[in-house]
1. Yes or no: LEU430 assigned to a loop (DSSP other than H, G, I, E, B), among the aliphatic types (A, V, I, L, M) and touching a strand residue (DSSP E or B) at 6+ places or on another chain (Cβ under 9 Å)?
2. Can you name every residue in segment 333-343 that is surrounded by fewer than 24 Cβ atoms within 10 Å (Cβ to Cβ), within 15 Å of the ligand (Cβ to nearest atom) and either modelled with pLDDT of 85 or more or closer than 24 Å to HIS160 by Cβ (or both)?
3. If the Cβ limit is 7 Å and pairs must be 6+ apart or interchain, which residue in segment 446-465 that is under 10 Å from ARG403 (Cβ atoms) pairs with which residue that is open to solvent by less than 20 Å² (accessible area, probe 1.4 Å) and of a type outside the set (A, V, I, L, M, F, W, C)?
4. Pull out all pairs, ordered by first then second residue, where Cβ-Cβ is under 6 Å, the residues are six or more apart or on different chains, the first lies in segment 191-204 and is within 17 Å of ASP326 (Cβ to Cβ), and the second is open to solvent by 10 Å² or more (accessible area, probe 1.4 Å) and not in a loop (DSSP other than H, G, I, E, B).
5. Filter segment 443-471 for residues that are at pLDDT 90 or above, surrounded by 13 or more Cβ atoms within 10 Å (Cβ to Cβ) and under 25 Å from PRO87 (Cβ atoms) and give the result.
6. Can you name the number of the only condition in (1) open to solvent by 80 Å² or more (accessible area, probe 1.4 Å); (2) in a helix (DSSP H, G or I) that PHE106 fails?
7. Go through segment 360-384 and report how many residues are away from the ligand (no atom under 15 Å from the Cβ) and within 14 Å of MET192 (Cα to Cα).
8. Given the conditions (1) touching a strand residue (DSSP E or B) at 6+ places or on another chain (Cβ under 8 Å); (2) more than 10 Å from the ligand (Cβ to nearest atom); (3) open to solvent by 20 Å² or more (accessible area, probe 1.4 Å), report the number of the one that MET357 does not fulfil.
Amino acid sequence: MLIYWAKTKKLYALDYRETAPAAARADMYIRDGKPDEELARVGALAVAVPGELAGLEAARRRFGTMKFSALAAPAIRLAMSGYPLNPHMAHELPMVAPIISKDPGFRAIYFKPDGAPFHADAILHNPDLGKFMQSLGDDPVERFYHGAIAEKIADFVKAHGGILTAQDLAGYHPIWRDPIHLTYDGYEVYTMPPPSSAGVVLEILGMLSGGDVGGLGVDSPAYLARLIEVMRQGFIDRAQYADPAFVKVPLATLLSPAHIAEARDRALHHAPPAPLAAAHDHGTSNFAVVDRDGDVVEVTTTVNTIFGAKMMVPSLGLVLNDEMDDFGVAPGVPNAFKLVGEKNNEVAPGKRPLSSMSPLIALKDGRPALAAGGSGGPTIITGVAQVTIDSFAFHLDPERAVRVPRVHMQAEPDIVFVEQSLPFHTRDALTAMGYRLKIVPELGAISAIRIRPGQLRGAFDPLKGGGAFGD
Ligand code: GLY
């Protein structure tokens, strides 16, 4: 969570990333001498200590004006009296149905009595989640992380072969951190420090800063080739990011003008191709709020992949995350997003896995000008960077900025992922330049609010549902 607080004119970063349980070990996903990545994605060993509730409550205590129970009331109402299944999720359900329909909790919510998944707009209910949220009262941290609820979660995970304990939950703490920052074409751009790798967004912006890309055309091959190459360099540097409590991340170097200039030069280099495909991320959500006082909050939240570990604690209606997959399960082994495991990001007890979540707030002349963020694993990094460039260098309105066809390059594999809406002639021009393209329906989902004096314009990516509302 990234916060701009109008009273102090300062930015605050709140890290409520999950942590590895105390019994976690670097070799916990090795079986018969070989890494078994699936164990970090599906089932009880995939579950990291959840941080969401502790983080939301830390933000509420520091900056909030309402009680927790009042804030939770609309969500409780929806869980109890029903909410429509959105078309995006209805589209995804059949693909994961063979796995999640085996889980009694998911089966009760997402499947009809005959076993078929519900269709879009069906009204779903999760009364157990409603009751659980109600039971948190105005003391959510004490009641969730200590006592009967923590025991229930730990017992459930243990019964399914996991290692998360009630002590792990009791020991969880969110961390207030200093946001990281870079000047980009006259804007002061702030985002999340490690254990997020959002510094890569700043590096991409830095490499394009002052290059007058605005004159090239937002979907011109010349601009896109430059963008692809700076993305590649940014992702090469992503390997240096990890939980700062375990690894010294050389942020001052990575974001220094000298390193950015050197990376910009390296952006001319091409590596040999590797045959891998991108994964989808449907377990992440992003939202931004600007209030009447001018405060801005930008939040990215995740259970990692779709339906997390594909397990629900049935009596709580609670989906368990598969956030352990954001660690490298072994050096050289790719995770669900084809991000290759690095030593820096290996599993260790109490460690936070490296994240791509990149909530961003940009200021102009000391006042907020843009809030942006998104979902989509590593495509968050490149998506947030592109929407920021489209807003500032190409002067696009947010509606257009979030809909411009995006490209994504993460160094490995050496493939440029391209949204299918990118015009054919542009695709052909990139192919002629020697890029291997993989055409995909969409690359993440980015939402943004453009903030100007007296005017707010919110935009969301229609591919994943969502909305923009104001009063
Ligand atoms: N779970 C996706 C991320 O944090 O990058």
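1. Judged against the criteria, LEU430 is not a match.
2. The one that is surrounded by fewer than 24 Cβ atoms within 10 Å (Cβ to Cβ), within 15 Å of the ligand (Cβ to nearest atom) and either modelled with pLDDT of 85 or more or closer than 24 Å to HIS160 by Cβ (or both): ALA336.
3. ILE446/GLY374; ILE446/GLY383; ILE446/ASP461; ALA459/PRO398
4. Here the result reads PRO193/ARG177; PRO193/ILE180; SER197/ARG238; GLY199/ILE180; VAL200/ARG238, each pair linking segment 191-204 to a residue that is open to solvent by 10 Å² or more (accessible area, probe 1.4 Å) and not in a loop (DSSP other than H, G, I, E, B).
5. Answer for segment 443-471, where residues must be at pLDDT 90 or above, surrounded by 13 or more Cβ atoms within 10 Å (Cβ to Cβ) and under 25 Å from PRO87 (Cβ atoms): LEU443, GLY444, ALA445, ILE446, SER447, ALA448, ILE449, ARG457, GLY458, ALA459, PHE460, ALA468.
6. Every condition holds for PHE106 apart from (1).
7. Looking only at that region, the number is 4.
8. Checking MET357 against (1) touching a strand residue (DSSP E or B) at 6+ places or on another chain (Cβ under 8 Å); (2) more than 10 Å from the ligand (Cβ to nearest atom); (3) open to solvent by 20 Å² or more (accessible area, probe 1.4 Å), the one that fails is (2).
The values are calculated or read from the model by the stated rules, or taken from the named source; none is laboratory data. Only a predicted model underlies this, so the values are computations on that prediction, with no experimental measurement involved. All Cβ positions, glycine included, derive from the backbone under ideal geometry; neighbour counts span all protein chains shown. Accessible surface areas use protein heavy atoms only, side chains included; no ligands, DNA or RNA. Shrake-Rupley method; radii C 1.70, N 1.55, O 1.52, S 1.80 Å.
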